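A quick write-up on the structure given underneath.
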Amino acid sequence: MHELSITSAILKTVLRHARRQRAARVHRILLVVSELSDLQPVWMQHYFDRVSRGSIAERARLEIEHQAPQFACNDCSAGFAVSLRTVDRVVCPHCGSGSCTLTRRADYIVEEIEVS
Amino acid sequence: MAETRIVRIRESVLRENRVQASILRKRLAASGVVMVNLMSSPGSGKTSIILHTIAALRERFRIAVIEADIDSTVDADKMIAAGVPAVQIETGGFCHVDAAMAQAAIQELPLNTLDVLFLENVGNLICTAQHDTGAHVNVAILSVPEGDDKPLKYPVMFQAADVVIVNKTDYMAIAEFDINAVRQRIAVLNQAVTILPVSCRSGEGIADWIEWLTARITSVAGNR
Ligand SMILES: Nc1nc2c(ncn2[C@@H]2O[C@H](COP(=O)(O)OP(=O)(O)OP(=O)(O)O)[C@@H](O)[C@H]2O)c(=O)[nH]1
Ligand SMILES: [Mg+2]
Ligand SMILES: [Zn+2]
């Protein structure tokens, strides 16, 4: 149900902007999703097809770009990205410090839409 | 087919909920009510923590509970049996409570006769943490049998929390659970968080939790 509630929110955002653009159809949606959000792209499209039925975004293609979480080092203040899927510790690649802070929260951003 | 054009949007789909949540948070504070949202996996101890907290604080605060257990009123019944008003939220099968659902449940409660409102969120570590409910205090519960690797597997939860209760410490000896590893993993995600080891079974650590929560409630209520 995770994907279902998020796709409904995506549709709402997309339709609001499409209307403002006086678009007749939405063909493609580019979504930037934090890797922290743990979404299954296949289910996203499946649910989107379901919730968008009958709207001008029906049959729009969801393009999902995953973004690795960003960290900042507390010692040398370098910024870097780490995929938490592959590590069980976050270490600064510049100075080796294990004291780091997550700087970007998990989110779903509708980056752009292709309309006609 | 007409020519297509690309429109830049750059908008978070969680934005609308965040706006609604902050309105609700202000409204509750204005009525003198502090909302405490409890999040965890199924069975980590949300209901047990709330029941301990009611027992400890019922003389001091007027308490009510919002229950969001999927398709079950078992937990709401336990709260009513403990003598506090409880409402069951209709999540419609959803995996989290959002600000609109919390708002709807709150309509059924007499706000002006309450000080503290607990929200037992749906047992889920991902979606709940992404949806601001309007609560003033966010509590994440991690139970020892779930393992010490959870913080980096479910970072959103530990990032959203003001306090992490490590519950079921009575299992610590048999579960090979490294609390220091948990502290380090959480620190990477959230440096402001307080970590409190607790056992709802033995009562160990409950007093620390009550003390932490009381201070939080007092500070939120004092800031309105
Ligand atoms: N050994 C032990 N068992 C506990 C502890 N805390 C809770 N339990 C048990 O764990 C089970 C689940 O506890 P609940 O408080 O119902 O957990 P919950 O998070 O509300 O569960 P759901 O609402 O079903 O998601 C119950 O059988 C509790 O008695 C603890 O500290 N130690
Ligand atoms: Mg429960
Ligand atoms: Zn560094």
> Of the conditions (1) surrounded by 22 or more Cβ atoms within 10 Å (Cβ to Cβ); (2) modelled with pLDDT of 90 or more; (3) in a helix (DSSP H, G or I), residue B:145 fails just one. Which one is it?
Replying inline: (1)
>> Take residues that are within 14 Å of chain A (Cβ to nearest Cβ) and among the basic types (Lys, Arg) and tell me which of the strands (runs of 3 or more DSSP E) falling wholly in segment B:1-72 contain 2 or more.
In response: B:5-12
> Since residue A:52 meets every condition but one in (1) more than 10 Å from every other protein chain (Cβ to nearest Cβ); (2) of a type in the set (Ser, Thr, Tyr); (3) within 16 Å of ligand 3 (Cβ to nearest atom), which condition does it not meet?
Replying inline: (3)
> For segment A:1-75, list the strands (runs of 3 or more DSSP E) that sit wholly inside it and hold at least 1 residues that are in contact (Cβ under 8 Å) with a residue 60 or more places away in the chain; which are they?
Replying inline: A:26-34
>> Contact list please: Cβ distance under 8 Å, first residue in segment B:176-202 and away from chain A (no Cβ under 14 Å) and touching a residue at least 12 places away in the same chain (Cβ under 8 Å), second residue in a helix (DSSP H, G or I) and basic (Lys, Arg), pairs at least six apart or on different chains.
In response: B:195/B:183
>> Every residue in segment B:127-146 that is closer than 22 Å to residue B:179 by Cα and more than 10 Å from the chain's Cα centre (by Cα), please.
In response: B:142, B:143, B:144, B:145, B:146
>> residue B:57 - would you say it is modelled with pLDDT of 95 or more and surrounded by 14 or more Cβ atoms within 10 Å (Cβ to Cβ)?
In response: yes
> What number of residues in segment A:75-116 are farther than 20 Å from residue B:130 by Cα, surrounded by fewer than 17 Cβ atoms within 10 Å (Cβ to Cβ) and facing another protein chain (nearest Cβ under 9 Å)?
Replying inline: 6
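The values are calculated or read from the model by the stated rules, or taken from the named source; none is laboratory data. Quick caveat: nothing in here was measured; it's all calculated off a predicted structure. Neighbour counts are summed over all protein chains in view; Cβ atoms, including those assigned to glycine, are modelled from backbone coordinates with ideal geometry.
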